[in-house]
Amino acid sequence: MLLESVFQEPTTAPEVGVSDRIRHRLIEAGQRFHANDNIAAFIHDGELDELRTEVEQKLQGLLHALVIDTHSDHNVADTAKRVAKMFVHEVFRGRYEKAPAATTFPNVSQLNELMIVGPVTVRSACSHHLCPILGKVWIGVLPNASSDLIGLSKYARLAEWVMNRPQIQEEAVVMLADELEHRLQPDGLAIVMEASHFCMHWRGVKDNDALMHNSVMRGAFLKNATLRLEFLNLLGNRR
């Protein structure tokens with residue numbers, strides 16, 4: 001027994017996948033990594049492609065568990081690769097990529113009137129079933145003399161970045177409001193979102209017409225009923 005133990009092949013530690021490496025960094029930093037959290041700061045150069053490959057392998061296992069023949073059925077031969085690319089680089093990329101650049105510029109003209117941007121088309125996914133959420137967002141801003149301003153297209157880019165994660169609509173709108181309020185520091189901020197949820201259309205009750213509406217009101221929009229009504233009335237005329 002002693003000789004056998006001496007001459008045994010040395011054991012090697014199992015290879016750690018890229019998802020485990022990223023997860024370890026997050027845990028070590030005490031950082032939350034819920035479905036709608038951005039974790040870009042904990043992903044090193046080159047690891048996103050590794051992650052896509054790992055997701056592809058896991059998805060291949062899922063197809064196998066669903067008893068789908070990916071070898072002889074040409075329609076699903078590359079499905080795992082396509083879906084992995086879609087998740088990591090498209091529909092969930094708001095988790096893995098840093099916030100888009102949105103250069104601010106000073107409010108030279110000291111604008112302090114209501115501004116509305118929208119409708120901005122947004123796409124997300126329900127974190128309960130990973131079914132699509134498709135909708136529109138309207139953003140109302142009441143700047144002050146010291147507020148920063150951003151270009152109109154940047155509202156759409158920031159909305160897309162926040163929405164491209166698995167989440168629920170109620171939290172998505174709050175996250176977008178937090179992001180814009182932090183960047184602009186306005187006197188007031190209002191967001192209204194209207195969306196169609198495929199977790200209701202495609203499965204469950206299969207109701208094709210139901211829409212979800214929700215809003216976030218900050219600062220002057222919360223305190224000033226007249227301003228809030230002006231914003232909502234202008235939306236009502238354009239939806």
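Counting only C-alpha contacts under 8 Å and six or more residues apart, can you give the relative contact order of the chain as a whole percent?
16 percent
Give me the percent relative contact order of the range 18-95, please, defined on Cα pairs under 8 angstrom at least 6 residues apart.
RCO, the range 18-95: 34 percent.
With a 1.4 Å probe and every protein chain kept in, tell me what percent of the accessible surface of the chain is carbon plus sulfur.
Its accessible area is 54 percent carbon and sulfur atoms.
Trypsin sites (Lys or Arg not before Pro) within the range 31-87: which are DSSP loop residues with at most 13 other Cβ atoms inside 10 Å?
ARG32
Starting from the Cα of ASP207, step 7 Å along the direction of its Cβ; do the same at HIS71; then give the gap between the two resulting points in nm.
About 4.6 nm separates the two model spin labels.
Students often check this: by mean Cβ neighbours within 10 Å, which of 200-207, 34-41 ranks highest, and how do the rest follow?
34-41, 200-207
Between SER127 and residues 5 or more places away or on another chain, which pairs have amide H atoms under 5 Å apart, with H built 1.01 Å from N, and which residues are they?
Amide H neighbours of SER127, under 5 Å, 5+ apart: GLN167, ILE168.
Which value, in Å² rounded to 10, gives the accessible area of PHE105 with a 1.4 Å probe and all protein chains present?
Here the accessible area works out near 100 Å².
What pairs from LYS81/LYS136; LYS136/LYS206; LYS154/LYS206; LYS81/LYS154 go past 28 Å between their alpha carbons?
Violating the 28 Å limit, Cα to Cα: LYS81/LYS136; LYS154/LYS206; LYS81/LYS154.
Where the only charges are on Cβ atoms (+1 Lys, Arg; -1 Asp, Glu), what is the dipole of the chain about its Cα centre, to the nearest 20 debye?
Here the size comes out at about 880 debye.
Along its principal axes, what span do the Cα atoms of the range 18-95 show, with the longest given first and each in whole Å?
Sorted from largest, the Cα extents of the range 18-95 read 45, 22, 21 Å.
Give, rounded to the nearest 20 debye, the magnitude of the charge dipole that the range 18-95 has about its Cα centre when Lys and Arg contribute +1 at Cβ and Asp and Glu contribute -1 at Cβ.
Dipole of the range 18-95, to the nearest 20 debye: 260 debye.
Quick check on the chain: helices-only [θ] at 222 nm, where DSSP H runs of length 4 and up contribute -39,500 (n - 2.57) each and the sum goes over total residues. Nearest 500, please.
-11500 deg cm²/dmol
Rounded to the nearest whole Å², what accessible area per residue is found for the chain with the 1.4 Å probe?
So the chain comes to 61 Å² accessible per residue, rounded to a whole number.
The values are calculated or read from the model by the stated rules, or taken from the named source; none is laboratory data. What you see is a predicted model; the values in this text were computed from it and never measured. So basically every Cβ, Gly included, is an ideal-geometry build from the backbone, and we count neighbours across all protein chains shown. These accessible areas exclude ligands, DNA and RNA; they are computed on the full protein's heavy atoms, side chains included. Shrake-Rupley method; radii C 1.70, N 1.55, O 1.52, S 1.80 Å.
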